[in-house]
């Protein structure tokens, strides 16, 4: 699969039998449809709503259709790209931002998942 931002090939990492596609250039991550829900702590954690943004839509890395911009999470504060058919694209640090939004709404992330994501997605200001 090619990154919808950089157009470079992504690489696959596995967490609890879920394969995530990561971009070595920009640090973005792709979740196939339904994968992110398997990792979330509770019902309502992945509420989505259409986003108001000037940011251009990106092509879905699987079907090439333009993805919609959506706000995701209990506070709907994190802007991600969504293909209704194929999955979700998170730019670098958007997974971290979603984790913070979950914590702000008292939805704890599995500590093992937090550790895994922390290794994959460095804290803002740190190098990859």
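None of the figures in this text is laboratory data; all of them are computed from the coordinates on show. Everything numeric in this text was worked out from a predicted model, so none of it was measured. Cβ atoms come from the backbone with ideal geometry, glycine included; neighbour counts cover every protein chain shown.
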Set of the range 59-85 residues, backbone N closer than 13 Å to the point 7 Å along the Cα-Cβ line of residue 53:
59, 67-73, 76-83
Tell me whether the range 20-83 comes out rounded, prolate or oblate; compute the Cα gyration tensor, take square roots of the eigenvalues as a ≥ b ≥ c, and use a/c under 1.5 as the rounded threshold.
oblate
Classify the range 1-109 as rounded, prolate or oblate from the Cα gyration tensor: take a ≥ b ≥ c as the square roots of its eigenvalues, call it rounded if a/c is under 1.5, otherwise prolate when a/b beats b/c and oblate if not.
oblate
Can you sort 60, 26 so the residue with the fewest Cβ neighbours within 10 Å comes first?
26, 60
Going by how many other Cβ atoms sit within 10 Å of their own, how do 54, 47, 14 line up, fewest first?
54, 14, 47
Most exposed first by the Cβ proxy, i.e. fewest other Cβ within 10 Å, how do 99, 49 rank?
49, 99
What whole number of Å gives the distance from the Cα centroid of the range 80-109 to the Cα centroid of the range 8-26?
16 Å
